[in-house]
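Laboratory data are not the source of any read-out in this text; all were calculated from the coordinates shown. Keep in mind the model is a prediction, meaning the values are calculated, not measured. Glycine also receives a Cβ, built like all others from the backbone with ideal geometry; neighbour counts cover every protein chain displayed.
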Amino acid sequence: MCKNNVPAADAKLKGAAAASTVLKTISKSELASHNTPHSAWCAVHSTDASGKYTGGHVVLDITSFASRHPGGDLILLAAGKDASVLFETYHPRGVPHSLVKKLQIGVMEKGAYENSFYSWDSDFYKVLKQRVCERIEEKGLQRRGSGEILIKALFLLAGFWYSLYHMYTQTNFTNAAIASISMGIFAAMIGVNIQHDGNHGAFAKSKFINKFAGWTFDMIGGSAFTWELQHMLGHHPYTNVLDEVEHKRKEDEGVDCKLEEKDQESDPDVFSSFPLMRMHPLHEVSWFHRYQHIYAPFLFALMTLAKVFQQDFEIVLTGKLYHIDAAVRYGSIWNVMRFWSMKIITMFYMLGLPIYFHGAVKGVGLFVIGHLAAGELLATMFIVNHVIEGVSYGHKGVTNDEGVKVAKPATIMGDTPMERTREQLMNGKSDKSTVPSVPFDDWAAVQCQTSVNWSSGSWFWNHFSGGLSHQIEHHLFPSICHTNYCYIQEVVQKTCEEYGVPYQTESSLYVAYGKMLNHLKFLGRTKQL
Ligand code: HEM
């Protein structure tokens, strides 16, 4: 049985910040000013010893605990903000209440973060966490990665360097281009299979190995720090949510964009990665969107180039990406130096050496070909998870009985799939009172509606896609190694069925891709949704 059994971290905690007896009230701006590794505070929603939410948020000083944190310095991503989502999703076995109490230095001022879209009161996620931990134990698996992912990682790294070597040494351009495509594919596979788990703290138990695995993203030309910020503070907590900038712009223009959630955060992985596309129902339609289902597959190929040349530099130079403050990573001169050093080194072997061996035009061509192959593969496997027929968009703000704006995921047709699944569950039961009631804004239920699986349960596709084929499981359990997803999938699906929560899975990547294009076609041609 899975318990909150984490004595090691607890025992090592000596003093930290908790000595004070009178807890001070902390404002949002004061919390936000403690957003660096040298002074890191974070807010998490308040619970009692049994894990029941008691309302409001406690403030923790995690500065000195960070070096002892079993999940490594990932904890620093929480600095300066409401970290309830990270706190809940990265600890499937929970965090001891006594540890939280020891780190607590204050409480958030009344009203701060009350307007967070998610609710955590239902049993759904708690039961899911427990069952998933039990399944992993039953199967004798490690929650974080072991031999299976390590062997794959070594194979992919060897494939990348071997392809690169061939790209330099093939005198025939066609052969060099084939090697470049192969290099691009291996780079994409390293991205989804190694760096992704490493940066989520899921590749291995060792913090050092996780860091090293995460760093492979810099090795293929990206930046692990940028990725952490945009993926873990943008995409995961705010999946399929329209970006704040777009919303503000519309408001300034006096457009009633129906988006009522004023302080909503954004999902920079999905929407801002793809200009010229209408991927969210609240985006305005332009004439060219009519053809987006035709040009989308070509545009997708630019994904990695856009990230490597635009987002990486934007965030390091401005210290911000949309709503995401980068101080916790790029506030450190060492991290900035690592960023620039790795950019220079990777440009040397991915662009400089091809130019040296093949001449300027062919060298640049090979570099671009590699990126296009990587971008196309990544986007194909990723976009179908979040932009597809039947998926819900994060939040169409609805006001609850207390006058608070909360999440109610809805599809582009305006329906909430959970209403349907709940009704089906009700119809099948003679005693309706036994049907569990999961709120629409329940964190885990929202994850199940804003993500879609494909080829669920398949070991091969799970490995090939680095777990992208099990996107629902990934969003629910980002700190569990992707090699486990095909083993926990059945538990997650059954629990969803039991609680009346939607679980959408497509039979193959091919089917999912077709549905994604249909969805884009509809979005590109329909003005008002
Ligand atoms: C805010 C205060 C936090 C505290 C007090 C805390 C404490 C802990 C503790 C006690 C563990 C060991 C759990 C176990 O072995 O089951 C742990 C593991 C972990 N934590 Fe945290 N954590 C915090 C925030 C975070 C954040 C913000 C992240 C991610 C962004 C994170 C990521 C992880 C990961 C990846 C693990 C390893 C999970 C595993 O073994 O499955 N933690 N943390």
Through the Karplus equation 6.51 cos²θ - 1.76 cosθ + 1.60, θ set to phi - 60°, convert the phi angles of region 277-287 into ³J(HN,Hα) values in whole Hz; use x for Gly and Pro. 10, 9, 10, 10, x, 8, 6, 6, 9, 10, 4
Debye, to nearest 20: dipole size of region 147-383, +1 on Lys, Arg Cβ, -1 on Asp, Glu Cβ: 940
Modelled label-to-label distance, S67 and E30, 7 Å Cα→beta-carbon offset: nm? 2.7
Projecting each Cα onto the charge dipole of the chain (Lys/Arg +1, Asp/Glu -1 at the beta carbon, about the Cα centre), which of H196, W215, N453 comes out farthest on the positive side? W215
Enumerate the calculated ³J(HN,Hα) couplings along region 228-235 in order (Karplus 6.51 cos²θ - 1.76 cosθ + 1.60, θ = phi - 60°), each rounded to whole Hz, writing x wherever the residue is Gly or Pro. 4, 5, 6, 7, 8, 9, x, 4
Assigning unit charges at the beta carbon (Lys, Arg +1; Asp, Glu -1) and nothing else, what dipole magnitude in debye, to the nearest 20, does the chain show about its Cα centre? 1080
Give the percent of DSSP beta bridges with both residues in the chain that are antiparallel, rounded to the nearest 5. 70
Search the structure for amide H atoms under 5 Å from the amide H of D442, placed 1.01 Å from N in the peptide plane, and list their residues when 5 or more places away or on another chain. S119
Separation between the L23 and F348 pseudo-spin-labels, each 7 Å from Cα along Cα→Cβ, expressed in nm? 5.2
Going by amide H atoms built from the backbone, whose H comes under 5 Å of the H on L321, apart from near neighbours? A326
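How charged is the neighbourhood of W287? Take every other residue with its Cβ under 12 Å from the Cβ of W287, and add Lys/Arg as +1 and Asp/Glu as -1. Walk me through the numbers on the way to the answer.
Values: positive: R278, R290, R525, K527; negative: E284.
Here the charged neighbours net out to +3.
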Using the Kirkwood radius built from alpha carbon pairs, what does the Stokes-Einstein equation give as D for the chain at 25 °C and 0.890 mPa s, in µm² per second? 102
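Length gain on complete extension for the stretch K110 to E314, per 0.36 nm per residue less the alpha carbon to alpha carbon distance? Please report the intermediate quantities before stating the final value.
Values: separation 204, 0.36 × 204 = 73.44 nm, distance 3.49 nm.
My answer for the length gained is 70.0 nm.
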Using a simple spin-label model with points 7 Å from Cα along the Cα→Cβ vector, what separation in nm is obtained for Q142 and H91? 2.3
Counting only complete DSSP H runs, which helices of the chain cover 15 Å or more along their long axis at the Cα atoms and score a mean Kyte-Doolittle of 0.5 or above? 147-169, 173-190, 333-347, 360-383
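First select every other residue whose beta carbon is under 12 angstrom from the beta carbon of V308; then total the charges, Lys and Arg +1, Asp and Glu -1. Spell out each step's value before the answer.
Numbers: positive: K307, K343; negative: D218, D312, E314.
Net local charge, V308 excluded: -1.
Could you rank the peptides 471-479, 133-141 by their average count of other C-beta atoms within 10 Å per residue, with the highest value first? All intermediate terms of the calculation are to be shown ahead of the outcome.
Details: 471-479: 24.3, 133-141: 14.4.
Highest mean packing first, the order is 471-479, 133-141.
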Could you pull out the pairs from K129/K494; K129/K429; K307/K515; K101/K211; K152/K205 whose alpha carbons sit more than 22 Å apart here? K129/K429; K307/K515; K101/K211
Could you list which residues have their amide H under 5 Å from that of I105, counting only those 5 or more apart in sequence or on another chain, with H placed in the peptide plane? V59, L60, D61
